[in-house]
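The structure appears right after this line, and notes come after that.
The values are calculated or read from the model by the stated rules, or taken from the named source; none is laboratory data. What you see is a predicted model; the values in this text were computed from it and never measured. All Cβ positions, even for glycine, are placed from backbone atoms using ideal geometry, and neighbour counts span all protein chains on display. Surface accessibility is based on the protein's heavy atoms, side chains included, excluding ligands, DNA and RNA. Shrake-Rupley method; radii C 1.70, N 1.55, O 1.52, S 1.80 Å.
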Amino acid sequence: MMTYDGGNAGLQVADAPRPLIDPFGRRIDYLRVSVTDRCDFRCVYCMPEAMTFLPKAEVLSLEEIDQLASAFVRRGTRKLRLTGGEPLVRRGIIELVRSLGRHLKSGDLDELTLTSNGSQLPRFAADLFDAGVRRINISLDTLDAAKFAEITRWGQLPKVLDGIAAAKAAGLHVKLNMVALSGVNDTEIEAMLEFAGANGHDLVLIETMPLGEIGVDRVDHYLPLSRVRAALEQRFTLIDLPDSTGGPARYVRIAETGQRLGFITPLTHNFCESCNRVRLTATGQLYMCLGQDDVADLRAVVRGRGDLDAALDEAIGRKPKGHDFVIDRRAAAPAVRRHMSVTGG
Ligand code: SAM
Ligand code: SF4
């Protein structure tokens, strides 16, 4: 795969990179890139079973993704996360990861990471480590095979457990993402904590977010994590940890086991004030906020050979203060129409 360095290597020495700062003074140094909206699973909270995917011609080539991500790196992005859809079903993904890995080697990037459903990790975990990836988020909502098949529709738990084991064996630090669903996996949180603890993985619980039509009512399974925390506090002592990851998760340490547990609570505890990230879709649309519709078309800039730097300034200048998520019976429609697999979780 060809890589792209902007053709101005000489200028970079003279011009220190201008950081991207939004109108609220937040420094944007984290880019999430959805490399494909396609997926080999159909998780019930994420997409309908008969999901319509984007036409391939609209999707960025790997070179275009590299070009855009590298433009962000030149403007101070320190952390890149590849996501989707399922990033590991995109053909050529390892070449892209290898190519982006050059920014780790040069010291321009602190971290290159992925969010994955784990199904392809037996095949790719070692390659990811070789390319410079050190941590990976893997989604795992249950340890019950039948329930796993129900939640993911097309997924198989043993394959994903193999993927998680392969990631660990390759030397990747694993963070498990568990979407908390009332009446589905709310009784399994302690079992997941045990599994994570026994294998040296972190566990992060996530509230369902109202993104895209999924053909069922999210209210039925929405579980506020404040309730989960209160239930855990009946059994354990939870010690709040200082915010160290720069991400939306708030961590506690469980005194009895020494484990860390994260909570991502976009609905019960809004974390927008410290937001440092933007999201690029597989078609090159830059969303300045996961929960808002405003978008900047960077594909048009790349394909039209326009001024990417100016486009980034203009886009970040429009980053909104925060989202307006709410899940209740009165607000039945999703906050935004696009699915999580489009914007990238
Ligand atoms: N396919 C990969 C995976 O599942 O990890 C990466 C993309 S997926 C969209 C990223 C994360 O978003 C997953 O942890 C998934 O559970 C979560 N997710 C998807 N839809 C969601 C929703 N409506 N609310 C909250 N989390 C969601
Ligand atoms: Fe695919 Fe991830 Fe969405 Fe599940 S959550 S359908 S694995 S993109």
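In nm, what is the difference between 0.36 nm times the number of residues separating E314 and T237 and their Cα-Cα distance? Numbers along the way, then the final one.
Numbers: separation 77, 0.36 × 77 = 27.72 nm, distance 4.66 nm.
Here the segment from E314 to T237 would lengthen by 23.1 nm.
Compute the orientation-averaged projected area for the stretch 146-186 from the convex hull of its Cα atoms and round it to one decimal in nm².
3.3
Return the FRET efficiency for the residue pair T52, W154: r is the Cβ-Cβ distance, R0 is 22 Å, and the value is rounded to the nearest 0.05. Intermediate results must be reported in sequence, preceding the final value.
Working: r = 16 Å, r/R0 = 0.73.
Efficiency, rounded to the nearest 0.05: 0.85.
Per residue, how large is the accessible surface of the stretch 30-343? Use a 1.4 angstrom probe and give square angstrom. Walk me through the numbers on the way to the answer.
Values: 12980 Å² over 314 residues.
Per-residue value: 41 Å².
If I take all pairs of Cα atoms in the stretch 30-343, what percentage of them are more than 35 Å from each other?
On the way: 7665 of 49141 pairs.
Above the 35 Å cut-off, the stretch 30-343 has 16 percent of its Cα pairs.
Find the relative contact order for the stretch 44-170 and round it to a whole percent, using C-alpha pairs within less than 8 Å whose residues are 6+ positions apart. Working shown, then result.
Working: 145 pairs, mean separation 31.3, N = 127.
Relative contact order, the stretch 44-170: 25 percent.
Considering only DSSP beta bridges with both partners in the stretch 30-343, what is the antiparallel share in %, to the nearest 5? The partial results should precede the final answer.
Working: 13 of 45 bridges.
Roughly 30 percent of the beta bridges in the stretch 30-343 run antiparallel, per DSSP.
Summarise the accessible area of the stretch 30-343 (1.4 Å probe, protein heavy atoms) by the percent that is carbon and sulfur.
On the way: 6720 of 12980 Å².
Summing carbon and sulfur atoms, their accessible area is 52 percent of the total for the stretch 30-343.
Taking the Cβ of M288 as the centre, find all other residues whose Cβ is under 9 Å away and add up their charges (Lys, Arg: +1; Asp, Glu: -1).
On the way: positive: R279, R318, K319; negative: D22, D294.
Counting the neighbours of M288, the net charge comes to +1.
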